[in-house]
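Reading through the structure tokens given below for one structure.
The values are calculated or read from the model by the stated rules, or taken from the named source; none is laboratory data. Keep in mind that this is a model prediction, so the values were computed, not measured. No Cβ is skipped: glycine too gets one built from the backbone with ideal geometry, and neighbour counts run over all protein chains shown.
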Protein chains: 2
Amino acid sequence: MISSDLLKGSLKTIVLKLLKEEGPMHGYAITRKTEELSGGKIKLTYGAIYPLLHKLKNEKMLVTASEIINNRVRIYYALTPKGHSLVDEKIKELKEFIDSIQLVIDPPKGISYA
Amino acid sequence: MISSDLLKGSLKTIVLKLLKEEGPMHGYAITRKTEELSGGKIKLTYGAIYPLLHKLKNEKMLVTASEIINNRVRIYYALTPKGHSLVDEKIKELKEFIDSIQLVIDPPKGISYA
DNA sequence: TTGCAATATATAAAAAACTTATATATAATG
DNA sequence: CATTATATATAAGTTTTTTATATATTGCAA
């Protein structure tokens, strides 16, 4: 299980990327899928995921469609065009971040700025 | 320049790792070195770095030694044994995190849990 | 048939981390 | 003389996330 500190800041990126790859999803399914894909390492909390989805909808990054399955409400979230652009941007940022942080915590041997 | 959202949560790991690799450093030097190693991509702010150093000292992860250079105070921070254990733990977590998040944003082809 | 686990969403209160702005002080450079 | 670099500090505010709680249905097992 990943320290939740590290998850901060990448939650939004994970959610957006999943919606891009999998198509419209509801909040509960997003937490399930993330857990699956990460082999149980990443667990999103509902207190984080639902407010985030509401916020992204407010910002016009997502739109919703409701459905009733077995007398239970499901709210599917789908990317808007604006949301699609945001995913691409966020993924780029995340990859840059991973590269940069690896340079810091594991500098290539032979390179020294001292 | 990396989105500051992503930096949240890994700031502590960066600082601890640098102290492990480079030996005792002062706050200003930590920000400089991080910028250097990341090729200018990661810029730590003083409002984040100094409170963090104080906190880690409070928690007995770091000890300090002051020095006067050119009439300016420098406060060197060094890892305690407890701090050394924390670095190892944090680095392990960070690597696990990077692996996990890559599984989520870029799942290996052919693998599906659906 | 009762209770628990899974499904599904929601929100309030609190904590934590970080940004922004500000303050102070010296030295070097143009 | 003004700006940039060095060096630390902290208060106020924002944002994000955790924790806790609430609601409701379905399915399974004891």
Inset, instruction - Give just the number: which of (1) within 14 Å of chain B (Cβ to nearest Cβ); (2) within 12 Å of DNA strand D (Cβ to nearest atom); (3) over 19 Å from B:Ile98 (Cα atoms); (4) not charged (D, E, K, R) does A:Ser3 not satisfy? - result: (3)
Legend entry - Considering residues of region B:32-45 that are more than 10 Å from A:Ser100 (Cα to Cα) and not aliphatic (A, V, I, L, M) only, the residue nearest to the other protein chains (Cβ to nearest Cβ): B:Glu36
Legend entry - Hey, A:Leu62 of a type outside the set (Val, Ile, Thr) and touching a residue at least 24 places away in the same chain (Cβ under 8 Å) or not: yes
Inset, instruction - Just give me the residues in region A:1-31 being farther than 23 Å from B:Lys109 by Cβ, aliphatic (A, V, I, L, M) and away from DNA strand C (no atom under 13 Å from the Cβ), in sequence order. - result: A:Met1, A:Ile2, A:Leu11
Inset, instruction - For region B:75-97, state whether one or more residues are touching a helix residue (DSSP H, G or I) at 6+ places or on another chain (Cβ under 8 Å), more than 11 Å from every other protein chain (Cβ to nearest Cβ) and within 12 Å of DNA strand D (Cβ to nearest atom). - result: yes
Legend entry - Which numbered condition A:Leu53 misses (of (1) under 11 Å from the mean Cα position of the chain (by Cα); (2) more than 14 Å from DNA strand C (Cβ to nearest atom); (3) away from chain B (no Cβ under 12 Å)): (2)
Inset, instruction - Answer yes or no as to whether B:Ser10 is within 16 Å of DNA strand D (Cβ to nearest atom), touching a residue at least 60 places away in the same chain (Cβ under 8 Å), within 12 Å of chain A (Cβ to nearest Cβ) and among the hydroxyl-bearing types (Ser, Thr, Tyr). - result: yes
Legend entry - Checking A:Thr64 against (1) out of contact with any Lys or Arg (no Cβ under 7 Å at 6 or more places or on another chain); (2) among the hydroxyl-bearing types (Ser, Thr, Tyr); (3) at pLDDT 95 or above, the condition it does not meet: (1)
Legend entry - Restricting region B:74-113 to residues that are farther than 19 Å from B:Glu22 by Cβ and among the small types (Gly, Ala, Ser), the residue that is surrounded by the fewest Cβ atoms within 10 Å (Cβ to Cβ): B:Gly110
Inset, instruction - Take A:Lys41 and decide whether it is surrounded by 15 or more Cβ atoms within 10 Å (Cβ to Cβ), within 28 Å of B:Glu89 (Cβ to Cβ) and within 10 Å of DNA strand C (Cβ to nearest atom). - result: no
Inset, instruction - Mind telling me which of the residues B:Ala29, B:Ala48 ends up being hydrophobic (A, V, I, L, M, F, W, C), within 12 Å of the chain's Cα centre (by Cα) and either away from chain A (no Cβ under 13 Å) or surrounded by 14 or more Cβ atoms within 10 Å (Cβ to Cβ) (or both)? - result: B:Ala48
Legend entry - All positions within region A:51-73 that are hydrophobic (A, V, I, L, M, F, W, C), surrounded by fewer than 16 Cβ atoms within 10 Å (Cβ to Cβ) and either near DNA strand D (Cβ under 10 Å from one of its atoms) or within 22 Å of B:Val104 (Cβ to Cβ) (or both): A:Ile68, A:Ile69, A:Val73
Inset, instruction - Only helices (runs of 4 or more DSSP H) wholly contained in region B:1-101 count here; list those with 2 or more residues that are closer than 30 Å to A:Lys33 by Cβ. - result: B:4-7, B:11-22
